1. On a C-alpha basis, how far is the centre of segment 37-96 from the centre of segment 402-450 in Å? Whole number, if you could?
2. Just to check I understand the Karplus step: with θ = phi - 60° and J = 6.51 cos²θ - 1.76 cosθ + 1.60, what whole-Hz values come out for segment 494-509, glycine and proline as x?
3. Among LEU123, ALA147, ASN13, flag the residue with its Cα farthest along the positive direction of the charge dipole of segment 1-149, charges on Cβ as +1 for Lys/Arg and -1 for Asp/Glu.
4. Loop only by DSSP, 16 or fewer other Cβ within 10 Å of the Cβ. Give me the trypsin sites (Lys or Arg not before Pro) in segment 1-110 that pass, ordered by residue number.
5. So between ARG559 and LYS390, what do we pick up on full extension, going 0.36 nm a residue minus the alpha carbon distance?
6. Taking a ≥ b ≥ c as the square roots of the eigenvalues of the Cα gyration tensor of segment 91-248, is the shape rounded (a/c under 1.5), prolate (a/b larger than b/c) or oblate?
7. Among LEU165, ILE188, GLY232, flag the residue with its Cα farthest along the positive direction of the charge dipole of segment 154-238, charges on Cβ as +1 for Lys/Arg and -1 for Asp/Glu.
8. Please list, in chain and number order, the residues 5+ apart from THR468 or on another chain whose amide H is under 5 Å from its amide H, with Hs placed from the backbone.
Amino acid sequence: MRDVAAQPAITPNIEDYDSVYNFFNWEIAYRGLNGLPSGNGLNMAYEAVERHAEVSIKNHTALRFIKSDRTTIDISYAELSRLSNQFANLLNFLGVAKGETVFTLTGRIPELYIAAFGTLKKLALFCPLFSVFGPEPIYQRLSRGNAKILVTTLDLFTTKVKPLLDRLPALSHVLITDIEKDIDDLAISLPLRMSKASSAFTIPDTKPTDDALLHFTSGTTGMPKGAVHVHGAVLTHLVTGKQVLDFHPGDIYWCTADPGWVTGTSYGIISPLVNGVTSIIDEEEFDATRWYSVLEEHKVSIWYTAPTAIRRLMRMNIEPKKQFNLEHLRMILSVGEPLHADAVKWCQKTFEVPVLDNWWQTETGGIMISNFRSLPVRPGSMGKPLPGVKAAIAAVTESSIQIIKEPDKEGHLVLKRGWPSMFKTYLHEDERYAKCFRGEWYLTGDLARCDADGYYWFVGRADDIIKTSGHMVGPFEVESSLMEHWAVSEAAVIGKPDPLIGEIVKAFIVLKSGTTINENLKLDIMAHARKKLGAAVAPKEISIVASIPKTRSGKILRRLLKARELGLPEGDLSTLEPS
Ligand code: AMP
């Protein structure tokens, strides 16, 4: 790994935001990519790995994995090229066709990243799942994504996947990362198969519009939606890596997000490698001392993390600059939920480096609004639109949109179509996709305002989606699982504000008649939800209620439940069904 000496004055890639914004052109930016050597298209894996695997940085560390015991595994660009070629050949051998889906369900281990690039090379669709999910969210995603191949560990296979197999007829093989021999025709050894696969592979012609990545995100109604991203999205990953993450040669970069969430893929896998830097991946979850040690030991220069983690660090009795040598750190970035002004100020004071909040979502595939090194930060603001991105605040109805020009007015945050990483559709749900647009404008589902100087400020979600520890949770998915408990007659779920993790998932439950309420029953319902959904998604609080407020057409009025829970005004109750 190249050593980055302390970098006192690295000039930002964007020195003058306004002039870059005014003159930016995606066609010119495209010249920063190579395209396939055959001249036939653009492949994400080629741009992230192959083009670096034959030039001077081929032996440079692409990925550094930190294992639980703090030992490391380094994989160079050249090695990653060979390993992902082997995986692509293995997919060929297993009969995977273009567009079929390859899922991973693992922690942050090398096999996940190798599978990602091998799948992209093979032109199959790659979908990483969060390993902390319980069996039900795993099933929903594997079945909605028509999983053909799943890469997982023996433990996860045994505890979470095996009981689902009868319900997954499209699944042809499970590749298990930590067994030496095949279990049966379905569950086979990944290391064994990799050892037999050739390390030479030619990427087929790839159109920028060919499907590449699949990410599930929660909706207010219905089960999770699979946002499909295309190979051409790599242009956004290249550009935002330069403009926001400010990648420079020799940077050592750490994105703390899991690839099961879009940040961990766009910015934990693709963007750093497209930009030729070293990406650090820690197998472990949050631990303040461990994180500071990682920053120190691995001389991290750019650190991309999340508000929940920053708030946790704020509460610790640690003075990082005194206790750790963080001289290489030159920038901190945050995404996923609001980074409130006090957190920005704490970070600036504590680390003495720029702290840049930015905004984007699964559907946008890449950062859309950000603070920049060369712009003054307004603590609490998400910043300004990326060059090449047109954002606005709008009044939106079922069929119309009106852009609000007046500053500081709240409205829907909308983006004009046309950036390369815009999702292509929701898998098998074109109608749901179409509903996200009004003409040329994409509706993000967020409410925001824009001040007179063009800085955007997050106001809230326009729907009932919950953000807990930076993760989207759809109330419907949680309610459906709760309803499977023998004692539950009705369930409604809201996000209840929490100073540490943003929101906690809170459930209101109506019991079946004749059921006696007691603490044990509540605990049993919680345990049921944790088992089905996993701890990241299951409710942390449950209230037993006599009825759940609904509209006359039977829709749960989660907003009203939330207002009552928080003691806020109840608003317009004209649609409320009398109880
Ligand atoms: P996801 O699709 O899971 O990445 O979640 C995207 C959503 O997270 C956005 O629509 C916002 O509601 C929220 N979000 C992301 N970044 C920010 C930010 N910087 N400030 C406030 N909310 C954010």
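Values quoted throughout were computed directly from the atomic coordinates according to the rules given, and no laboratory measurement underlies them. What you see is a predicted model, and the numbers here were worked out from it, not measured in a lab. FYI the Cβ positions are ideal-geometry reconstructions off the backbone, even for glycines, and counts take in every protein chain you see.
1. Taking the Cα centre of segment 402-450 as reference, the centre of segment 37-96 is 34 Å away.
2. 10, x, 9, x, 9, x, 9, 9, x, 9, 9, 7, 10, 10, 10, 10
3. Final value for the positive-end residue is ALA147.
4. On the way: sites: ARG2, ARG31, ARG51, LYS58, ARG64, LYS67, ARG70, ARG82, LYS98, ARG108; in loops: ARG2, LYS58, LYS67, ARG70, LYS98, ARG108.
Hits after loop and neighbour filter: ARG2, LYS58, LYS67, ARG70, LYS98.
5. Details: separation 169, 0.36 × 169 = 60.84 nm, distance 3.05 nm.
Residue separation times 0.36 nm, minus the Cα-Cα distance, leaves 57.8 nm.
6. Numbers: a/c = 1.67, a/b = 1.22, b/c = 1.36.
Oblate.
7. GLY232
8. VAL473
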